[in-house]
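Written out below as structure tokens is the structure these notes cover.
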């Protein structure tokens with residue numbers, strides 16, 4: 001948000017200029033009353049005489065002109081800017097800075113957390129001190145750092161802010177979870193490594209054990225086949241994340257890291273030890289994520305601020321050491337990036353409070369614009385969603401007139417493959433089945449006679465046509481069950497569709513009834529359980545379980561699931 005409101009991404013004039021204020025709580029202590037002006041807002045101390053934790057943050061919000069009318073944004077308020085600038089301040093000056101007074105007090109209170117052996121101020125230098133004297137040189141650095149940060153190209157800025165926020169969150173976790181703190185500091189740098197290291201995977205990047213097995217399996221294959229298999233593996237997996245993490249840090253350490261910045265450090269890491277220490281850090285991150293394995297106890301020893309220690313003859317970075325390495329690498333990356341005063345970029349979905357959500361079907365299912373061979377599954381999904389709401393008598397349920405879409409489909413379906421055509425055919429048959437016979441489309445009979453047979457073979461689309469027409473398919477039970485399984489397996493695929501839960505439960509109960517009628521009560525019980533567990537909010541279905549699985553009564557899906565029977569008329 002800080003970069004958006006700088007105006008560098010605007011393509012139109014400024015529509016609103018809002019002067020906002022908020023409070024940041026921090027352990028920084030300023031010894032003069034002068035306002036610190038940065039390109040992302042200003043800071044003003046509240047008191048030099050008493051130990052005040054509060055700073056006044058002032059920000060001039062620029063909002064791009066959007067014209068007049070409803071839905072025009074006037075202001076985001078101070079909260080998103082306060083949150084962003086607190087993170088920037090905390091990272092830039094290596095301190096605590098948050099909009100939360102209680103959090104600041106807890107972090108600098110000198111108390112150990114519920115699962116930590118020492119308070120954070122004994123594990124990491126400076127950051128958690130009760131008071132940090134802010135020098136003029138640091139004020140100047142904050143101004144320079146903020147200018148560089150705001151000047152970054154937008155995508156770089158977003159990645160950097162994620163890394164900074166993750167790093168700062170990791171520092172906060174030093175107060176209550178040392179393993180999580182360590183993991184987050186690694187993750188902060190790892191995120192930048194994956195976005196910007198321009199790494200091109202080679203076969204040598206694949207895990208050595210897996211590489212050996214694959215090479216052994218390909219030993220009798222031709223060179224061309226072997227190369228094709230290896231390239232396919234490389235194209236579908238993340239290779240050597242640990243190596244990329246290490247190389248990113250090693251490539252973003254300035255000479256000052258081992259010189260000026262190491263002057264007051266205790267046992268700073270040596271350059272020859274750093275690569276192996278980073279390997280241990282990444283391994284600790286992975287072991288925590290996958291098995292919640294604790295860090296070696298010596299790494300969390302609060303007796304000193306040593307940046308390295310030896311564990312089983314290996315060099316490790318302590319929390320102090322890792323925090324300095326990670327912060328330096330992120331800083332160095334930021335200062336190496338190009339900046340720009342103006343950039344064409346659509347930031348509309350990146351503003352605070354903006355959530356991207358799918359439109360309800362009534363806003364798109366009847367739209368013919370862009371209709372093509374791949375549109376069938378989504379159109380069918382939208383229609384089934386509306387039909388499910390209608391069958392359940394939900395308030396404000398509606399079914400869109402699909403006549404224009406189906407008229408276009410009549411022209412489209414002859415030229416496309418059967419698999420692409422099937423959703424259109426199901427949609428055509430189902431929609432017209434809702435209508436009285438004299439209201440159906442003029443081409444319905446001809447269309448149905450020509451393509452209806454394509455729904456006679458087992459398929460997910462045919463399942464719902466038979467369900468809604470209350471017709472039992474002539475498939476054998478194995479084919480019927482395979483179709484149900486295919487539906488659930490494919491509904492998240494690009495070419496799949498997702499029906500509402502009431503209809504999903506319906507196809508399970510329909511198959512359960514076929515097994516019950518054949519005397520296979522065990523299989524019927526499994527399918528009833530599947531229906532219940534995939535539609536857990538339906539009280540009637542859950543309450544009917546004992547009756548349905550007894551095998552004594554016919555299972556009628558509409559009687560169980562619907563407030564009233566409202567199936568389609570006609571033959572499937």
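The values are calculated or read from the model by the stated rules, or taken from the named source; none is laboratory data. Computed from a predicted model, the values in this text were never measured in an experiment. Neighbour counts run over all protein chains shown; Cβ positions are idealised from the backbone, glycine included.
With respect to the numbered conditions (1) modelled with pLDDT of 85 or more; (2) within 35 Å of the chain's Cα centre (by Cα); (3) under 25 Å from residue 296 (Cβ atoms), which one is the sole condition not fulfilled by residue 240?
Residue 240 satisfies all of (1) modelled with pLDDT of 85 or more; (2) within 35 Å of the chain's Cα centre (by Cα); (3) under 25 Å from residue 296 (Cβ atoms) except (1).
Please give the number of the condition residue 352 fails out of (1) closer than 30 Å to residue 84 by Cα; (2) assigned to a loop (DSSP other than H, G, I, E, B); (3) modelled with pLDDT of 90 or more; (4) in contact with a helix residue (DSSP H, G or I) (Cβ under 6 Å, 6 or more places away or on another chain).
Residue 352 satisfies every listed condition except (3).
Considering each residue of the range 410-441, count those that are part of a loop (DSSP other than H, G, I, E, B) and either out of contact with any helix residue (DSSP H, G or I) (no Cβ under 7 Å at 6 or more places or on another chain) or exposed (fewer than 15 other Cβ atoms within 10 Å of the Cβ) (or both), and give that number.
Residues of the range 410-441 part of a loop (DSSP other than H, G, I, E, B): 416-417, 435-436, 440-441.
From what's left, either out of contact with any helix residue (DSSP H, G or I) (no Cβ under 7 Å at 6 or more places or on another chain) or exposed (fewer than 15 other Cβ atoms within 10 Å of the Cβ) (or both): 416-417, 435-436.
Counting residues in the range 410-441 that are part of a loop (DSSP other than H, G, I, E, B) and either out of contact with any helix residue (DSSP H, G or I) (no Cβ under 7 Å at 6 or more places or on another chain) or exposed (fewer than 15 other Cβ atoms within 10 Å of the Cβ) (or both) gives 4.
Give me the residue from the range 97-123 that is crowded, with 16+ Cβ neighbours inside 10 Å and touching a strand residue (DSSP E or B) at 6+ places or on another chain (Cβ under 7 Å) and, out of that set, nearest to residue 298 (Cα to Cα).
Out of the qualifying residues, it is 104.
Could you grab me the full set of residues in the range 192-208 that are at pLDDT 75 or above and either crowded, with 18+ Cβ neighbours inside 10 Å or more than 22 Å from the chain's Cα centre (by Cα) (or both)?
So in the range 192-208, the residues at pLDDT 75 or above come out as 192-195.
Passing the criteria: 192, 193.
Here are the criteria: (1) outside any loop (DSSP other than H, G, I, E, B); (2) within 30 Å of residue 154 (Cα to Cα). Tell me which single one residue 358 does not satisfy.
(1)
Take the range 469-509 and flag every residue that is within 36 Å of the chain's Cα centre (by Cα), in contact (Cβ under 8 Å) with a residue 60 or more places away in the chain and surrounded by 15 or more Cβ atoms within 10 Å (Cβ to Cβ).
Selection gives 496, 497, 498, 499, 500, 501, 502, 503.
Within the range 45-83, how many residues turn out to be under 30 Å from residue 126 (Cα atoms), at pLDDT 90 or above and touching a strand residue (DSSP E or B) at 6+ places or on another chain (Cβ under 9 Å)? Talk me through it step by step, then tell me what you get.
At the first step, the residues of the range 45-83 found to be under 30 Å from residue 126 (Cα atoms) are 45-59, 78-83.
This time we only want the ones that are at pLDDT 90 or above, so: 54-59, 78-83.
Among the residues that remain, those that are also touching a strand residue (DSSP E or B) at 6+ places or on another chain (Cβ under 9 Å) are: 54-59, 78-79, 81-83.
Result for the range 45-83: 11.
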